[in-house]
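Contents: one structure, followed by commentary.
The values are calculated or read from the model by the stated rules, or taken from the named source; none is laboratory data. Keep in mind that this is a model prediction, so the values were computed, not measured. Positions of Cβ are backbone-derived with ideal geometry, glycine not excepted, and every protein chain shown enters the neighbour counts.
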Protein chains: 2
Amino acid sequence: MNRMNTHSADRELTERLATSGFRFTSQRQRVYDVLTQKRDHPTAEEVFMRAKGEMPDISMATVYNCLDALVQCGLVRKVQLERGATRFCPNMEEHCHYFCDTCGAVFDVMLPAETPVMPQPKGFKVDHYDIAVHGLCAECAKKK
Amino acid sequence: MNRMNTHSADRELTERLATSGFRFTSQRQRVYDVLTQKRDHPTAEEVFMRAKGEMPDISMATVYNCLDALVQCGLVRKVQLERGATRFCPNMEEHCHYFCDTCGAVFDVMLPAETPVMPQPKGFKVDHYDIAVHGLCAECAKKK
DNA sequence: CTCCAATTTAGAATTATTCCAAATATTGAC
DNA sequence: GTCAATATTTGGAATAATTCTAAATTGGAG
């Protein structure tokens, strides 16, 4: 299927997968499409349900596999905002997450170019930052 | 037990519990002691094992109960650094966590007084920040 | 001291995820 | 295009961490 990868987006996906040693599959394409179409930080379960729309036979195990491959090849980020299901985010720019503890809504906010100087544990080699701001979104704040 | 709460630390604990509508119990005292004695961000399982040292009959369910009460009365913070067990931290000052993705070590680092201005989603009411820095600790960095 | 609500306890239930082994699909060589 | 080798998908079983449940126990007000 999709022998030619006609769309540039697919070719991009194929290349990203290939450079990490993964193959292009229709399931991985579908899962990545789901994530880029509605960027609301869905859980694996939610990705599964949306993916089934156009691909009714896809399985939960495959969704986990695909998400894992996409994370490994640098197209998707895992986001753990609370205990419970991990969420997935296709925005790979440096940003932080505003999280509504009441309704679960997530908002991406770019980080300011100027990051403040932070003292670091001696010899610590930083890989990445995970910054979350917890609180109430406008709607939920109004209701209280 | 502990009818008098002779130690000031215990009285402090009793008061904190009371103002949130909780009772003082020996189990809650023990769990809080475990957290303050070795501030290495243990999981519930680890707290359980350490608590059993002086209190062999304490149960896992109780450890979860106690941790929950301590979090609710503002003496302890939950820390979710990755998928998997939640960790617990008795340091209630504003700080962030440096986390070694290889060995799991956690280092507290105070945040600089000057926090950078961040654009916020309209109407969002901030409750707290969760800042984690992932990477390799000095030891693990050396091994590579 | 007595009573009642809060707490503890052991074990069952739940949730999210990972593991497994057989069936299927993809890719590179011919 | 065909074939073989290997990666991937799949459904279901297994696991890990936590939450729930209901009975026994305990703390504290009066």
Selection status of A:D101, among the charged types (D, E, K, R), closer than 30 Å to B:A85 by Cβ, more than 11 Å from DNA strand C (Cβ to nearest atom) and modelled with pLDDT of 95 or more = no
request  = Report the residue count in region B:75-115 for those that are touching a Phe, Trp or Tyr at 6+ places or on another chain (Cβ under 9 Å) and within 12 Å of chain A (Cβ to nearest Cβ).
outcome  = 17
ask   = Within region B:4-15, is even one residue modelled with pLDDT of 95 or more and not in a helix (DSSP H, G or I)?
value = no
query = For region A:102-114, does any single residue satisfy the condition of being charged (D, E, K, R), touching a Ser or Thr at 6+ places or on another chain (Cβ under 8 Å) and closer than 27 Å to A:Q29 by Cα?
reply = no
remark   = Checked A:Q80, A:Q72 against criteria (within 16 Å of DNA strand D (Cβ to nearest atom), under 22 Å from A:Q37 (Cβ atoms), at pLDDT 95 or above and out of contact with any helix residue (DSSP H, G or I) (no Cβ under 6 Å at 6 or more places or on another chain)); the one match is A:Q72
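Those residues that are free of Cβ contacts under 8 Å to residues at least 40 places away in the same chain and within 10 Å of DNA strand D (Cβ to nearest atom), I need them from region B:13-24; list them, please.
Selection gives B:T14, B:A18, B:R23, B:F24.
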message = Step by step: first the residues of region B:28-51, then only those that are near DNA strand C (Cβ under 10 Å from one of its atoms) and not hydrophobic (A, V, I, L, M, F, W, C), then the one that is nearest to the other protein chains (Cβ to nearest Cβ). Which residue is that?
response = B:R28
message = Restricting to region A:116-144, name every residue that is within 7 Å of chain B (Cβ to nearest Cβ) and basic (K, R).
response = A:K122, A:K125
inquiry  = Just the residues that are among the aliphatic types (A, V, I, L, M), over 11 Å from the mean Cα position of the chain (by Cα) and either within 11 Å of DNA strand C (Cβ to nearest atom) or more than 12 Å from A:L17 (Cβ to Cβ) (or both), please, taken from region A:59-78.
reply    = A:M60, A:A61, A:V63
task = Those residues that are in contact with a Lys or Arg (Cβ under 8 Å, 6 or more places away or on another chain) and surrounded by fewer than 20 Cβ atoms within 10 Å (Cβ to Cβ), I need them from region B:43-57; list them, please.
result = B:T43, B:R50, B:E54, B:M55
inquiry  = So, A:M118, is that one over 27 Å from A:A18 (Cβ atoms), at pLDDT below 95 and either aliphatic (A, V, I, L, M) or within 13 Å of the chain's Cα centre (by Cα) (or both) or not?
reply    = yes
